[in-house]
Amino acid sequence: MPHPARPRVVLPLALALGVLAGCAPTAVGPMVMRLGPGAAEQRILQAGIRSGPRLSAPIAGTQGVVSVDERFRGDDASFSTQQWGLAFDAAMTWPLTERLHLHTGIQGEMFLPLPVPGYGVYAGASYYLGSEQLGVAPSFALRGASDFGITSSKGGPGSMAGAEATCAFSFSPEPGVSVGLVPFVAVHTLASHGTSQGSLYYGGVVAARFTWRWLDTLELSGGFGRAKVGNSASWNVPIVGVRGGR
């Protein structure tokens, strides 16, 4: 028979391991992707997984003591989890008018059973210009995220605050289906090991949304970005993402 005290031990142990093996926050982008006019009176909740750079990695790699495997390696290791991560992403779209929508979201590092300890929030607005079949939607968003100074986190410790501008060009070949090109540019202030630096993160994704089974929308995205931290560190960033919405 299972020991009755085991669940009481497993959860705290899992949380402790999550803190010890935590991750610096991932700069998921584009934060806002408005592919089409959207619903004028209906809020939409999306949730899924997306990728991006750990912008604090170059700073953390030159401060403190890290192993050889944890050093920042730039373009030589674009998929290294020390400088690139997957994050849980949940976003809510709030229509104000037919054209103007607000967007809010939360992110957490992909570490089971809970996203510990890198968390982030973002908020922004988009404005749609065009018809139901073809249009453009510029947007602006603010972001803040931190791993709360946990020194053993991958790519950290690190905190960031910044802003991002996007402009989604979308086409809807039939009802319920939208495809688009979404370029973006973001600037951040980073803090790690008591130092701070600025960063520039830019790139673009190709995204598609369509109805799939019980989901009102299934969103797939992929592309590349370029992250630059300070005056010297820069690297290519693969971007992938999948989110479902209702």
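Quick look at the values:
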| quantity | calculated |
| --- | --- |
| Residue pairs meeting the criteria (Cβ under 9 Å; at least 6 apart or on separate chains; first outside any strand (DSSP E or B), in the range 221-239; second surrounded by fewer than 22 Cβ atoms within 10 Å (Cβ to Cβ)) | G230/Q197; G230/G198; N231/Q197 |
| Any hit, the range 219-227, residues being touching a Phe, Trp or Tyr at 6+ places or on another chain (Cβ under 9 Å) and of a type in the set (D, E, K, R) | yes |
| Of residues in the range 63-76 being surrounded by fewer than 16 Cβ atoms within 10 Å (Cβ to Cβ) and at pLDDT 90 or above, the one farthest from G245 (Cα to Cα) | D76 |
| Single residue of the range 39-62 satisfying the filter (at pLDDT below 85 and more than 18 Å from W235 (Cβ to Cβ)) that is surrounded by the most Cβ atoms within 10 Å (Cβ to Cβ) | A39 |
| Any hit, the range 85-98, residues being part of a strand (DSSP E or B), buried (at least 20 other Cβ atoms within 10 Å of the Cβ) and more than 14 Å from the chain's Cα centre (by Cα) | yes |
| Residue check, G180 among the small types (G, A, S) and closer than 27 Å to C23 by Cα | no |
| Matching residues, the range 213-240, being among the small types (G, A, S) and either over 13 Å from L35 (Cβ atoms) or surrounded by fewer than 16 Cβ atoms within 10 Å (Cβ to Cβ) (or both) | G222, G223, G225, A227, G230, S232, A233, S234 |
| Among residues of the range 137-155, those that are outside any strand (DSSP E or B) and touching a Pro at 6+ places or on another chain (Cβ under 8 Å), counted | 6 |
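One line per residue, one yes/no per condition, for (1) under 17 Å from I49 (Cα atoms); (2) modelled with pLDDT of 95 or more:
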{"site": "Q82", "(1), (2)": "no, no"}
{"site": "A87", "(1), (2)": "yes, no"}
{"site": "W94", "(1), (2)": "no, yes"}
{"site": "L102", "(1), (2)": "no, yes"}
{"site": "V121", "(1), (2)": "yes, yes"}
{"site": "G124", "(1), (2)": "no, yes"}
{"site": "L129", "(1), (2)": "no, yes"}
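For (1) under 15 Å from the mean Cα position of the chain (by Cα); (2) crowded, with 17+ Cβ neighbours inside 10 Å; (3) within 27 Å of I44 (Cβ to Cβ), each residue gets a yes or a no:
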site	(1), (2), (3)
S139	no, yes, yes
D147	yes, yes, no
S152	no, no, no
A165	yes, yes, yes
G180	no, yes, yes
T195	no, no, no
T211	no, no, yes
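The values are calculated or read from the model by the stated rules, or taken from the named source; none is laboratory data. Please read these numbers as outputs of a predicted model, since none were measured by experiment. FYI the Cβ positions are ideal-geometry reconstructions off the backbone, even for glycines, and counts take in every protein chain you see.
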